[in-house]
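S.K.: Quick one: the structure is below, questions incoming.
The values are calculated or read from the model by the stated rules, or taken from the named source; none is laboratory data. Everything numeric in this text was worked out from a predicted model, so none of it was measured. Positions of Cβ are generated from backbone atoms using ideal geometry, with glycine treated the same way; all protein chains shown enter the neighbour counts.
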Amino acid sequence: MARWTRLVLRFRWPVLGFWLIVLLVGGYASTRLSPLLQNTFTVPGTDSERARHILEQHFGDRSDGEFLVIYKVRNAAPGMLLELARGTQNAAKAVPTGTATALRVEPGGVVYGSILTRLNLAEAKGYTDDILKRLRAPPGVEAYVSGQPAIQYDLDPIFSKDLKKGESIAIPIALMVLLAVFGLSLAATIPFLFAAATITGTLGIVFIFAHYLTMATYVKNLVQLIGLGIAIDYSLLIVYRFREEL
């Protein structure tokens, strides 16, 4: 430990420069991370997942990027089904590689169809609002958009709001603990410096992994909370060891 400390002190400016680069790169990556995060609706190893892979390999369509368009028809009129089909085809144009399937009619005035895409869940969810804007429903018809991308699109702000609420409770408590231990001194900033370095560095790594692996929507909040917790714990350890040496 003493050797490592002497080495860091000897090359303190390159070390500070390295961590400054980590902060800048990690901070930039964290602002680009949200569109890559998703919550998968499939269970690994199940028959449904194997069927999904077969469809992707042989037909090119991705079930995780498929939208479901649902119409609730109150008073059916002649030519209504043709008009709904045209509305679905128009909505499909909002998505690259989007194609509308034939509509199916169910009892109770329910008509539904799919918009197939070659996009994955993270890419497709961003087109939910565009589909809703292009979806044309005649008078007396209620139109809805569902499917994994649409559900994910609606869940993202809910997850973000709930997790931020948890942070708003946890972080002030952590701040009170730090003030109780360190007081109003410069040492109280040490945990936050550690936290900034670890959180931004980890988010940069998550940004890279998110291009190849499925990363849940709440991974950013977990990184922030765990990073802050580790920073506080390590800072308390250093202070305790320093007091022992004195």
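S.K.: Given the options 69, 95, name the one that is modelled with pLDDT of 70 or more, in contact with a helix residue (DSSP H, G or I) (Cβ under 9 Å, 6 or more places away or on another chain) and not in a loop (DSSP other than H, G, I, E, B).
M.R.: Working: 95 fails: not in a loop (DSSP other than H, G, I, E, B).
One residue alone meets the criteria, 69.
S.K.: Among the residues of region 107-145, how many are modelled with pLDDT of 85 or more, loosely packed, with under 14 Cβ neighbours inside 10 Å and either of a type in the set (A, V, I, L, M) or out of contact with any strand residue (DSSP E or B) (no Cβ under 6 Å at 6 or more places or on another chain) (or both)?
M.R.: 3
S.K.: Go through (1) assigned by TED's automatic domain parsing to the domain that holds residue 239; (2) free of Cβ contacts under 8 Å to residues at least 24 places away in the same chain for residue 108 and report which single condition fails.
M.R.: Here residue 108 meets the rest and fails (1).
S.K.: Right, something else. Run down 199, 238, 232, 190 and say which single residue is of a type outside the set (Phe, Trp, Tyr) and loosely packed, with under 15 Cβ neighbours inside 10 Å. First the steps, then the outcome.
M.R.: Details: 199 fails: loosely packed, with under 15 Cβ neighbours inside 10 Å; 232 fails: loosely packed, with under 15 Cβ neighbours inside 10 Å; 190 fails: loosely packed, with under 15 Cβ neighbours inside 10 Å.
Going through 199, 238, 232, 190 in turn, just one is of a type outside the set (Phe, Trp, Tyr) and loosely packed, with under 15 Cβ neighbours inside 10 Å: 238.
S.K.: I've got another one for you. More than 30 Å from residue 94 (Cβ to Cβ), assigned to a helix (DSSP H, G or I), of a type outside the set (D, E, K, R) and in contact (Cβ under 8 Å) with a residue 12 or more places away in the chain: does that describe residue 199?
M.R.: On the way: more than 30 Å from residue 94 (Cβ to Cβ): yes; assigned to a helix (DSSP H, G or I): yes; of a type outside the set (D, E, K, R): yes; in contact (Cβ under 8 Å) with a residue 12 or more places away in the chain: yes.
It is true that residue 199 is more than 30 Å from residue 94 (Cβ to Cβ), assigned to a helix (DSSP H, G or I), of a type outside the set (D, E, K, R) and in contact (Cβ under 8 Å) with a residue 12 or more places away in the chain.
Residue by residue, here is whether (1) modelled with pLDDT under 80; (2) not in a helix (DSSP H, G or I) holds:
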site	(1), (2)
24	no, no
35	yes, no
44	yes, yes
54	yes, no
61	yes, yes
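S.K.: Tally up the residues in region 191-221 that are farther than 14 Å from residue 34 by Cβ and aliphatic (A, V, I, L, M), please.
M.R.: Summing the residues that are farther than 14 Å from residue 34 by Cβ and aliphatic (A, V, I, L, M) in region 191-221 gives 8.
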